[in-house]
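Here's the structure, in structure tokens; my notes come after.
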Amino acid sequence: MPHINLPKDIPGIRSAMAFRPETAKPLNDLAHFLLHEPNSLSPGERELIATYVSSLNDCFFCQTTHGAIAARHLDDNEQLVLDVKRDYEHAAISDKLKALLRIAGKVQKGGKNVLPEDIARARAQGATDLEIHDTVLIAAAFCMYNRYVDGLATWAPDDMELYRTRAVRTAREGYRYTQEEIMAAYTKGKT
């Protein structure tokens with residue numbers, strides 16, 4: 001049960017965004033830029049970073065949503081997503097992504113936990129300054145998104161197929177929603 005009167009039948013962050021659509025656009029724009037726009041890290045890799053941080057924060061909605069999107073980008077490889085969440089050091093991902101996930105995990109605990117040797121490891125595996133920057137920002141942003149979702153006690157469905165279905169659109173189109181779509185979700189939730 002949400003802590004405030006959020007629109008009914010709209011899951012997770014979407015219900016909070018529908019409740020306050022003025023904040024939805026900048027939050028969606030940030031997610032779109034970080035996870036969907038062209039980057040030297042693939043969308044699947046960036047979604048894995050978001051998923052991993054969300055799993056560390058125990059945010060069911062975000063780790064499930066972004067895990068489904070990551071899997072979609074990675075040829076529907078849901079097992080890889082689970083492997084990254086459980087033990088990324090032994091998952092079938094690049095050494096560079098492992099080094100970046102280490103940084104993301106340290107950011108999740110607190111930014112000052114990132115040490116020079118973590119950055120050196122990432123650079124040694126080929127990570128650029130931009131990739132390190134974006135990893136830190138994705139991790140920091142997802143700490144905020146996770147706390148937003150769970151701090152309001154938003155509703156999250158248990159049906160994995162709902163996440164998979166939504167992932168198809170998001171993987172293809174990203175996170176930009178029009179004000180009309182946000183308001184339509186709010187209106188739907190009020191009825």
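Throughout, read-outs are computed from the coordinates displayed, never taken from laboratory work. Remember, it's a predicted structure, so these values are computed and weren't measured experimentally. Every residue, glycine among them, receives a Cβ derived from its backbone with ideal geometry; neighbour counts consider all protein chains shown.
Mind listing whichever residues of the stretch 59-80 are in a loop (DSSP other than H, G, I, E, B) and more than 21 Å from Asp150 (Cβ to Cβ)? Talk me through it step by step, then tell me what you get.
Within the stretch 59-80, the first condition is being in a loop (DSSP other than H, G, I, E, B), and the residues that meet it are 59, 74-77.
Hits for the stretch 59-80 are Leu74, Asp75, Asp76, Asn77.
Tell me which residues, restricted to the stretch 13-41, are over 25 Å from Leu100 (Cβ atoms), in contact with a helix residue (DSSP H, G or I) (Cβ under 8 Å, 6 or more places away or on another chain) and not β-branched (Val, Ile, Thr).
Residues satisfying the conditions are Arg14, Ser15, Ala16, Met17, Ala18, Phe19, Pro21, Ala24, Lys25.
Kindly list, by first and then second residue, each pair from a residue in the stretch 146-168 that is under 26 Å from Asp75 (Cβ atoms) and in contact (Cβ under 8 Å) with a residue 40 or more places away in the chain to a residue that is of a type outside the set (Asp, Glu) and part of a loop (DSSP other than H, G, I, E, B), limited to pairs with Cβ atoms under 7 Å and residues at least 6 apart or on different chains.
Within 7 Å, the pairs are Ala156/Pro11; Pro157/Pro11.
Would you mention how many residues in the stretch 81-113 are over 25 Å from Val149 (Cα atoms) and either crowded, with 19+ Cβ neighbours inside 10 Å or among the hydrophobic types (A, V, I, L, M, F, W, C) (or both)?
At the first step, the residues of the stretch 81-113 found to be over 25 Å from Val149 (Cα atoms) are 89-99.
Next cut, either crowded, with 19+ Cβ neighbours inside 10 Å or among the hydrophobic types (A, V, I, L, M, F, W, C) (or both) only: 91-93, 96-97, 99.
Looking only at that region, the number is 6.
Restricting the first residue to the stretch 108-129 and requiring it to be without any contact (Cβ under 8 Å) to a residue 12 or more places away in the chain, which pairs with a second residue that is surrounded by 12 or more Cβ atoms within 10 Å (Cβ to Cβ) and of a type in the set (Ser, Thr, Tyr) meet a Cβ separation below 7 Å and a spacing of at least six or different chains?
none
Can you say whether Ala99 is in contact with a Lys or Arg (Cβ under 8 Å, 6 or more places away or on another chain), part of a helix (DSSP H, G or I) and within 22 Å of Glu131 (Cα to Cα), as far as the supplied structure shows? Don't jump to the end; show me each part of the working.
On the way: in contact with a Lys or Arg (Cβ under 8 Å, 6 or more places away or on another chain): yes; part of a helix (DSSP H, G or I): yes; within 22 Å of Glu131 (Cα to Cα): yes.
Yes.
Give the stretch 1-22 a look and list any residue that's surrounded by 21 or more Cβ atoms within 10 Å (Cβ to Cβ) and within 11 Å of Val149 (Cα to Cα), or say none.
If the condition is that a residue be surrounded by 21 or more Cβ atoms within 10 Å (Cβ to Cβ) and within 11 Å of Val149 (Cα to Cα), then Gly12, Ile13, Arg14, Ser15, Ala16, Met17 are the ones that fit.
Tell me which helices (runs of 4 or more DSSP H) are completely within the stretch 1-58 and hold 2 or more residues being among the hydroxyl-bearing types (Ser, Thr, Tyr), or say none if there are none. Let's see the steps before the verdict.
Details: elements: 12-19, 21-35, 43-56.
Output list reads 43-56.
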